[in-house]
Amino acid sequence: MAPGWPMPLPPAWNRNIDCGWVEFKSGREEIRGYFARPKGRKDLPAIVTVHENPGIIEHRQDVTRRIAKAGYASLTVDLYSRVGGRPPQDFKTPEERRSKAFLATPDEQAIPDLEAGCHYLEQSGLVDADRIGAIGYCMGGGTMLAWIFGQTTRIKAAVAFYPTVVVPGPWRPDGKPLSRAAVAAKLTCPLQVHFGEADEAVKSTDQRLLEDSLKQARQPTEFYRYPATNHAFHDDTHPNYVDESAQLAWHRAMQFLGRHLRVAGTGAAAAAGE
C-alpha cells in the first residue's frame, strides 16, 4: 500500500477454497458462522471451531480457511450471534471484559449452538457426518470440553488449545464456579490438549486438574505443554505468539485429527498451518 493511501486492501482471493458467512437455526434463534471448504469436493471430513473471547476476528477467519486448505469443511460457530456478532463492549477493565464475554456465552447456550452447527454441516450435502471433529481455543476451548464431556456424540476427535478449565462464579449466570474437569470422565471422543507452561490465564494447577481428571476417561487423550510459552501462543497476531510452539502444536493437532477422522495424507503445508 502506498504511503498515505487510506483505502484498505480487499480480501485475498482464495483460489482453492470457498469461504464466507453462513446462517443456520439453533432452536428459534438465527446463528451465523464463518465457513470454508475446498472447492469442488464432497464427502468431506469437517472441523467445528469454538472461538476465544474476542469472537470471530480476522485471525479466527484465517485459521478457519487454513483448516479448509488442509482438506476439511471448516465451520467456526459465532457464539456471539445473539448480541450482534461481537463480544460485549461495555466494560472498563480487562477482568470485566472477560467476565461479560463468558456471561454472554454460557455453556447452556453455546453447546446447543455448536450442535446446530454440526447439524448444518450434516445437512449441507458436503460432509461425512461420521468424520466431524472440533477445535477449541481459550474460552471456546473450555466450552468445547464441556460439549465433548458427555454432551455430544457427533464429535469424533477434538483438540483444545489452552482451554478454560474452571469458570469463576462471577463469570457464570448462576454465580457459581463451573469446573469442566469435574465431568472429564464423560469424555466421548479422543482428545488432544495444548498448554503453555507459562500460561497466565490457565494456571498450572488447573492444567494439572484437567490432566488428572482425564485419566478417568475411557477415550484416548494426549496432553502437551510448551516451555517458556504463555496463553494464546497459537495466535500469530497476538503478542504472546511463539512460532516454534505454535507450529509444533498445529502439526500435532492436524496429525491427531487426520488420524482419527481418517484423512489421507496430512500435507506439510497444512501441518505447518500455512
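The values are calculated or read from the model by the stated rules, or taken from the named source; none is laboratory data. All of these numbers come straight from a predicted model, not from anything done at the bench. In this analysis, Cβ positions are derived from the backbone assuming ideal geometry, glycine residues included, and neighbour counts consider all displayed protein chains.
The residue of segment 53-70 that is surrounded by the most Cβ atoms within 10 Å (Cβ to Cβ), among those that are in contact with a helix residue (DSSP H, G or I) (Cβ under 7 Å, 6 or more places away or on another chain) and more than 21 Å from Glu29 (Cα to Cα), is Ala70. The condition of being surrounded by fewer than 16 Cβ atoms within 10 Å (Cβ to Cβ) and under 18 Å from Cys138 (Cβ atoms) holds for only one of Lys203, Lys215, Lys186, that being Lys203. Within segment 183-198, none of the residues are among the acidic types (Asp, Glu) and out of contact with any strand residue (DSSP E or B) (no Cβ under 7 Å at 6 or more places or on another chain).
Pairing each residue of segment 60-80 that is aromatic (Phe, Trp, Tyr) with any residue that is part of a strand (DSSP E or B), provided the two are 6+ apart or on different chains, yields C-beta distances under 6 Å for Tyr72/Pro45; Tyr72/Ala46; Tyr72/Ile47.
Considering only residues in segment 100-127 that are farther than 16 Å from Gly140 by Cβ and not aromatic (Phe, Trp, Tyr), the one that is surrounded by the most Cβ atoms within 10 Å (Cβ to Cβ) turns out to be Leu121. Total residues in segment 205-247 satisfying the condition of being assigned to a helix (DSSP H, G or I), in contact (Cβ under 8 Å) with a residue 40 or more places away in the chain and either touching a His at 6+ places or on another chain (Cβ under 9 Å) or among the polar types (S, T, N, Q) (or both): the figure is 2. Against the condition in a loop (DSSP other than H, G, I, E, B), among the aliphatic types (A, V, I, L, M) and touching a residue at least 24 places away in the same chain (Cβ under 8 Å), how does Val183 come out, does it pass? Judged against the criteria, Val183 is not a match.
When segment 160-178 is filtered for residues that are assigned to a helix (DSSP H, G or I), touching a Lys or Arg at 6+ places or on another chain (Cβ under 8 Å) and either in contact (Cβ under 8 Å) with a residue 40 or more places away in the chain or within 30 Å of Met254 (Cβ to Cβ) (or both), only Trp171 remains. Identification of helices (runs of 4 or more DSSP H) wholly contained in segment 37-152 with 3 or more residues that are farther than 27 Å from Ala181 by Cβ yields 58-69, 107-123. In segment 11-40, of all residues being at pLDDT below 90 and within 28 Å of Leu79 (Cβ to Cβ), the one that is surrounded by the most Cβ atoms within 10 Å (Cβ to Cβ) corresponds to Asn14. You will find that of Val193, Val202, the residue that is of a type outside the set (Asp, Glu) and either part of a strand (DSSP E or B) or without any contact (Cβ under 8 Å) to a residue 24 or more places away in the chain (or both) is Val193 and no other. When Ile31 is tested against the conditions (1) in a strand (DSSP E or B); (2) of a type outside the set (D, E, K, R); (3) closer than 18 Å to Leu126 by Cβ, the lone failure is (3).
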